[in-house]
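A quick write-up on the structure given underneath.
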Amino acid sequence: MLYVVGLGLSDETDITVKGLEAVKNSERIYLEAYTSILTVGKEKLEEYYGKPVVVADREMVESESDIILANADKVDVSFLVVGDPYGATTHTDLVIRARELGIPVQVIHNASIMNAVGACGLQLYNFGQTISIVFFTETWRPDSFYDRIRENKELGLHTLCLLDIKVKEQSIENMARGRRIYEPPRYMTINQAVEQLLEIEDNRKEGVCGSNRLAIGCARIGTKTQQIVAGTLAELEQVDFGGPLHSLVLIGDRMHEMEAQFIRDYAVNPVTFDAIVKEHYHI
């Protein structure tokens with residue numbers, strides 16, 4: 001059996017009972033280590049599971065899946081995913097490959113940012129399309145997600161923005177020369193995401209992500225140090241949200257009175273927040 005096990009959002013204890021049983025019964029355990037992170041390293045997981053854990057980078061998962069799946073039709077293998085296996089990042093390629101090889105697959109779910117974002121006070125039913133914001137470079141400044149944000153806004157829906165993670169990335173020069181030298185890990189902050197959104201708005205000028213748009217910055221959701229701050233994009237750009245992982249929520253135009261009441265406690269400036277809510281949302 002191939003077990004695809006969600007680990008949740010915080011530390012080694014967030015795994016479900018079912019997931020822990022699968023891990024303990026597995027001959028090999030792989031940790032997907034390029035789309036998200038826990039607050040603890042693999043050593044903590046190994047101590048908790050009582051078993052060694054192999055870190056699986058993007059190259060292994062995407063190009064060397066046969067290593068992970070070897071003999072999984074005869075022994076149990078666990079593939080661990082931070083959050084939920086089918087949450088913000090899906091691993092359908094690995095599941096499809098396993099099925100092609102006749103390997104039984106069982107997915108064990110857990111919390112992910114896709115549902116834990118409800119901690120900010122907005123109703124999950126009122127979210128639209130989720131988008132990802134990637135790091136700008138000098139020559140690449142993509143803005144296609146702006147159209148998805150606009151579509152959500154037109155429907156009055158909130159937008160969850162997942163922020164870029166760069167783990168085990170190569171520079172263009174090292175990639176061209178075939179050198180396996182990797183850049184230090186980088187995790188986009190809410191401040192960087194807001195800066196990029198405001199730059200895109202300045203270029204597009206469609207009124208989708210203006211500096212006065214209300215949003216919520218969410219840092220380390222599901223952990224002991226989680227931080228939730230609400231305010232305008234201009235206000236959030238100045239807030240220190242601390243270490244990763246960060247997410248950003250753009251509040252939709254149909255915010256309910258109960259949502260506004262809940263969020264007010266997180267406001268950078270409650271007076272400013274109340275004024276915008278009264279003027280824009282008529283609450």
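Points worth noting:
- Beta bridges per DSSP, both residues in the chain: antiparallel share near 50 percent.
- Mean Cβ neighbour count within 10 Å, used as a protection proxy, ranking 75-85, 218-228 highest first: 75-85, 218-228
- The chain: DSSP helices with Cα axial extent of at least 24 Å and average Kyte-Doolittle hydropathy no lower than 1.6: none
- Charge context of residue 274, other residues only, Cβ under 13 angstrom, K/R +1, D/E -1: -1
- Sequence-separation-based contact order of the chain, relative, with Cα cut under 8 Å and 6+ spacing, percent: 18
- As a rough guide to protection, the peptides 198-206, 118-126 ranked by mean Cβ packing within 10 Å, highest first, stand as 118-126, 198-206.
- Percent carbon-and-sulfur accessible area, the chain, ignoring ligands, DNA and RNA, probe 1.4 Å: 50
- Accessible surface of residue 254 - all protein chains present, 1.4 Å probe, nearest 10 Å²: 150
- Only lysines eight or more places from residue 42 in sequence, or on another chain, were considered; those with a Cα closer than 20 Å are 18, 24, 51, 166, 168, 224.
- Probe 1.4 Å, accessible area per residue of the chain, Å²: 51
- Peptides 8-16, 261-269 ranked from most to least packed, by the mean per-residue count of other Cβ atoms within 10 Å: 8-16, 261-269.
The values are calculated or read from the model by the stated rules, or taken from the named source; none is laboratory data. Just so it is clear, the structure is predicted and the values come from calculations on it, not from any experiment. When we count neighbours, we look across all protein chains shown, and the Cβ atoms used for this are built from the backbone with ideal geometry, even at glycine. Side chains are part of the model used for accessible areas, which takes the heavy atoms of the whole protein and leaves out ligands, DNA and RNA. Shrake-Rupley method; radii C 1.70, N 1.55, O 1.52, S 1.80 Å.
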